[in-house]
Amino acid sequence: MAEGREHREYRMEELAKEAGITVRTLRFYRERGLIPPPRREGRIAWYDDHHLARLRTIAGLLERGHTLNGIADLAATFESGRDVAEVLGLGEPTEETPVRLTPEQLADYFEGEVTPENLAAALDLGYLATDGDEIVHISRRLLEVSAELVREGVPLATVLSSGRRVREHAEALAEIFVRVLHAHTKETEPAQLRPLARAVVDAELSMALDRRLRREDGTQPPKA
């Protein structure tokens, strides 16, 4: 989102012209609750850049095959989600890069999979948060790998439910390392210890995948 941009307000006719729609369509969207109510000054309704951004989002999602009912459900899901400050809590991830997205860009990442149910799951996990008219994904790496899994045919709902299970195991692994490191390496900085912990987990996961795949293709007998 651009910072320092002059805040602008529009009358209904001006907003419709800026958004490339008719006044009748704008009224319809307002009546359906697709855009928030305008600011009232006597009998004059004033709209602002947030309304314009929402109208452009509606147009973009319609172009991508979403219905108005679906867009209303998506908007309600986002509005009930947590904002960035709440998700980040104590600060941004140490080694992860958050990504700012428009709703249309998110729809392009997960074509056909951006549903209210999946959005609610991603918001609940803290993968997604809202910042005004923008969406923030907490980790570029997770965003890219999730999109790749969906492109490979894994439903986004399965990716998200698997992510929840992986997080539970990751929390347990982190607890093991933190306890060990605090007990035996009080002089060492956490920044030095993080790569060591990741190396152990990467190696063990790689070997576990080898064992699992050998059992799946029959080249290794199952454990008794």
task: Quickly rank 154-164, 119-129, 203-213 as a protection proxy: mean count of other C-beta atoms within 10 Å, highest first.
output: 119-129, 154-164, 203-213
task: Please report the Cα spread of the chain along all three principal axes, rounded to whole Å, starting with the longest.
output: 75, 47, 21
task: Please find the FRET efficiency linking Arg141 to Phe28, where r is the Cβ-Cβ separation and R0 is fixed at 45 Å, and quote it to the nearest 0.05.
output: 0.65
- prompt: Taking only C-alpha pairs under 8 Å that are 6+ residues apart, what is the relative contact order of the stretch 95-224 in percent?
  reply: 20
task: List every DSSP H helix in the chain whose Cα atoms extend 20 Å or more along the helix's own long axis and whose mean Kyte-Doolittle hydropathy is at least -1.0.
output: 49-63, 156-184, 190-216
query: For the pair Arg64 and His169, how long in nm is the line joining their label points, each one 7 Å along Cα→Cβ?
result: 3.0
- line: Helix-only [θ] at 222 nm, the chain, -39500 (n - 2.57) per DSSP H run of 4+, per residue, nearest 500, equals -19000 deg cm²/dmol
field: Of all accessible heavy-atom area on the chain, the percent that carbon and sulfur account for (1.4 Å)
entry: 53
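The values are calculated or read from the model by the stated rules, or taken from the named source; none is laboratory data. Nothing here was measured: the structure is a model prediction, and the numbers come from that model. Note: ideal-geometry Cβ built from the backbone for every residue, glycine included; neighbour counts use all protein chains shown. When the accessible area is computed, the model is the full protein with side chains, heavy atoms only, and any ligands, DNA or RNA have been set aside. Shrake-Rupley method; radii C 1.70, N 1.55, O 1.52, S 1.80 Å.
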